[in-house]
1. Starting from region 455-474, keep only residues that are touching a residue at least 24 places away in the same chain (Cβ under 8 Å), then list their pairs with residues that are loosely packed, with under 13 Cβ neighbours inside 10 Å and in a loop (DSSP other than H, G, I, E, B) whose Cβ atoms are within a distance under 8 Å, requiring at least 6 positions of separation or different chains.
2. Please note which strands (runs of 3 or more DSSP E) are completely contained in region 289-384 and include at least 2 residues that are more than 17 Å from the chain's Cα centre (by Cα) and free of Cβ contacts under 8 Å to residues at least 24 places away in the same chain.
3. Within region 318-338, identify whether any single residue is open to solvent by less than 10 Å² (accessible area, probe 1.4 Å), β-branched (Val, Ile, Thr) and assigned by the TED database to the domain that holds Asp184, and answer yes or no.
4. Quick one: would you say Ala387 is surrounded by fewer than 22 Cβ atoms within 10 Å (Cβ to Cβ) and of a type in the set (A, V, I, L, M)?
5. It is to be established whether one or more residues within region 211-220 are among the polar types (S, T, N, Q), closer than 26 Å to Asp119 by Cα and at pLDDT 95 or above.
6. Quick one: count up the residues across region 28-44 that are in contact (Cβ under 8 Å) with a residue 40 or more places away in the chain and either over 26 Å from the mean Cα position of the chain (by Cα) or not assigned by the TED database to the domain that holds Glu54 (or both).
7. Condition test on Gly493, is it over 24 Å from Ser421 (Cα atoms) and not aliphatic (A, V, I, L, M)?
8. Taking Pro86 and the conditions (1) farther than 16 Å from Leu7 by Cβ; (2) not in a loop (DSSP other than H, G, I, E, B), which numbered condition does it fall short on, given that it satisfies the others?
Amino acid sequence: MMPSLYLPSDSLARAVGADEVAVALITQARERNLPLELQRTSSRGLYWLEPLLEMDSPQGRIGFGPLTAADVPSVLDALGEPSAHPLALGLVEELPYLKTQQRLLFARAGITRPLSLDDYREHGGFEGLKRAVTIGGEQTATEVFDSGLRGRGGAAFPAGIKWRTVRATQAAQKYIVCNADEGDSGTFADRMLMEGDPFLLIEGMAIAGLCVGATYGYIYVRSEYPDAVATLRAALNIARTAGYLGSNVGGSGQAFDMEVRVGAGAYICGEETALLDSLEGKRGIVRAKPPIPALKGLFGLPTLVHNVLTLASVPLILAKGAQFYRDYGMGRSLGTMPFQLAGNIRHGGLVERAFGLTLRELVEDYGGGTASGRPLKAAQVGGPLGAWVPPAQFDTPLDYEAFAAIGAMLGHGGVVVADDSLDMAHMARFAMQFCAEESCGKCTPCRIGSTRGVEVIDRLLAAPDQSGRDEQVIILKDLCDTLQYGSLCALGGMVSFPVASALKHFPADFGLQPSEAEQ
C-alpha cells in the first residue's frame, strides 16, 4: 500500500513550485497505477526546503526537499527505500532546525490541512473555547491577564489589561478587531498562520468576543495576502456552519460573528487607530490618544484591537491554563515568539522559541549565517523601523526589555540579515524615505521631518570635508530626537531607530570616524 504524502499549500511553497510538484505526483501516480493519497497541508516554515514533500512511515514523517516537478519520478521510485534518495531529509521532526523549537502557536504547522475542522479538533482545536464557555468571561479575562501575554504586534502592551478595560466598559455594542496588516519587511508569521491554521485565529477571536461582551469582529488583512483572505473566508463559513460562530457560539448562549476586510495597501494602517479609520471607510489617519480604542474605538465604541499572533495565543492559554504559558520565556517576556528569518540568510524560515534565546543563536545556529557566505554585518530586528544590530550585540537575549536596553526593539519578530556588502548609509536614507512615503501626514515631525531626513543624509554623504559632515551629523541627530519624541505614532517615532543605529555602529559607511558618530 502506498503511504500518504503531504505537500504544503502555503503561498511561499506554491511560489517556488509546490503546485507543479503536486500535479507531477498525481500524473505519475496515474501513469504507474499507484493509489496516491496526497494531502495539501500547512507549511512547517522551513522555507529553504520548500517545496517539502513528506511521507508517512512507521517512525514518523520522512521528508524530501527542496523538490521540483522533475524530481517526482525518482522520489516515487525511491518510496521503498526513501533514505537512498539524494533529496531525502530523514524524519522531519528530527531535523535540528525543527526539533529544538518550542512550537505552541505553530504546533499544527505542516501537520494539518488548513480547512479541515476534523484535523483542527484532533490536534486540540476548540478546547480553549470550550473552557472559556465553562468558566465565564471574568475568569477568562483573569487567565489572559495571569498568563503575562503581551501584544505581539510590536508595542508589547499587556493583553489582559486591554481585555479587562473593554470588558468593564459599558456600551450597547463592542467589537473585536484583528490587525492582520502585516507590512513589516521580513515578517510572514501572520500570513503563515492565517493560511495554514485559520481556525486558531477564529477561536481566539471568539473567546475574546465572549469574554468582553463583543458580538462582532473584523479581521483586517493586507491586500497583498489574497490566499490568506480566501482561506479565512472559507474557514469562517465552515466555523459558522459548525456552530463556532453565530447566535450561540459553542453552546454559550452568546452571539459572536466576524468578517474579513481587505486593506488598501497603506503601511500606516498597521497602526491600530489608522486601521480603525480605514475599517470605517475613511482614509487611514492616525488618531490622537486618548481616548484609547478600548474605550472609544471602531465607530466610537469599545474595541479590543490585537494582532494575529496575540489573538491566536489565547486558545492555548485557555486550554492549558495561564501557568502553562508563563513557564515559557524570561522576565516580563512570557510565552513563545515566532521569529522570522529573512534577508541574506542561508536557512530562512520560522523559528518559534520561548523568549530568551539570543540573536546569535537565531541567526547563526538556526539561520546558518549568510546565504552569500560573506561575513555578517548586521541584522535589522523588528521591521523597517527596527534598529540595525551589529554582531557585537548578537548575544543579547531576544526579550522586550533586553532589546530596549540596547536601543532596539523586537517588534513583530522579523529578523532581516545582511552581509558586509550592505551600505548602511543607504539603508538609513531608505528608512527616512520610507517614512516620508508612508506617513499619513497628520503630524508635522513625521510628515516634514522624514523628508528633511532624506535631505540631511544626502548632504552628509555629499559633504566635501570633515566640518561639513560634522555639521550634518548634529542636524541628523537632532532630527531623530524630534521624530522620536514628537511624532504622533510609531511610524515617525521609530524611524530614528534604523538611522541612529546605522550611524552609531557603522560610521565608516557615512564617511565618519567612530568618535564622530558617538558624539
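The values are calculated or read from the model by the stated rules, or taken from the named source; none is laboratory data. Owing to the predicted nature of the structure, the values given are computational and were not obtained by experimental measurement. Neighbour counts run over all protein chains shown; Cβ positions are idealised from the backbone, glycine included. We work out accessible area using only protein heavy atoms, side chains counted, and drop any ligands, DNA or RNA first. Shrake-Rupley method; radii C 1.70, N 1.55, O 1.52, S 1.80 Å.
1. Qualifying pairs under 8 Å: Val473/Gln519.
2. Values: elements: 303-307, 336-343, 349-354, 376-381.
Here the list is empty.
3. Checked region 318-338: no residue is open to solvent by less than 10 Å² (accessible area, probe 1.4 Å), β-branched (Val, Ile, Thr) and assigned by the TED database to the domain that holds Asp184.
4. Values: surrounded by fewer than 22 Cβ atoms within 10 Å (Cβ to Cβ): no; of a type in the set (A, V, I, L, M): yes.
Considered against the rule, which asks whether it is surrounded by fewer than 22 Cβ atoms within 10 Å (Cβ to Cβ) and of a type in the set (A, V, I, L, M), Ala387 comes out as no.
5. Filtering region 211-220 for residues among the polar types (S, T, N, Q) gives 215.
Cutting the leftovers down to closer than 26 Å to Asp119 by Cα gives us none.
No, region 211-220 has no match at all.
6. First, pick out the residues of region 28-44 that are in contact (Cβ under 8 Å) with a residue 40 or more places away in the chain: 28-29, 32, 34, 39-44.
Next cut, either over 26 Å from the mean Cα position of the chain (by Cα) or not assigned by the TED database to the domain that holds Glu54 (or both) only: 28-29, 32, 34.
Here the count works out to 4.
7. Numbers: over 24 Å from Ser421 (Cα atoms): yes; not aliphatic (A, V, I, L, M): yes.
In short, yes.
8. In the conditions (1) farther than 16 Å from Leu7 by Cβ; (2) not in a loop (DSSP other than H, G, I, E, B), Pro86 misses (2) alone.
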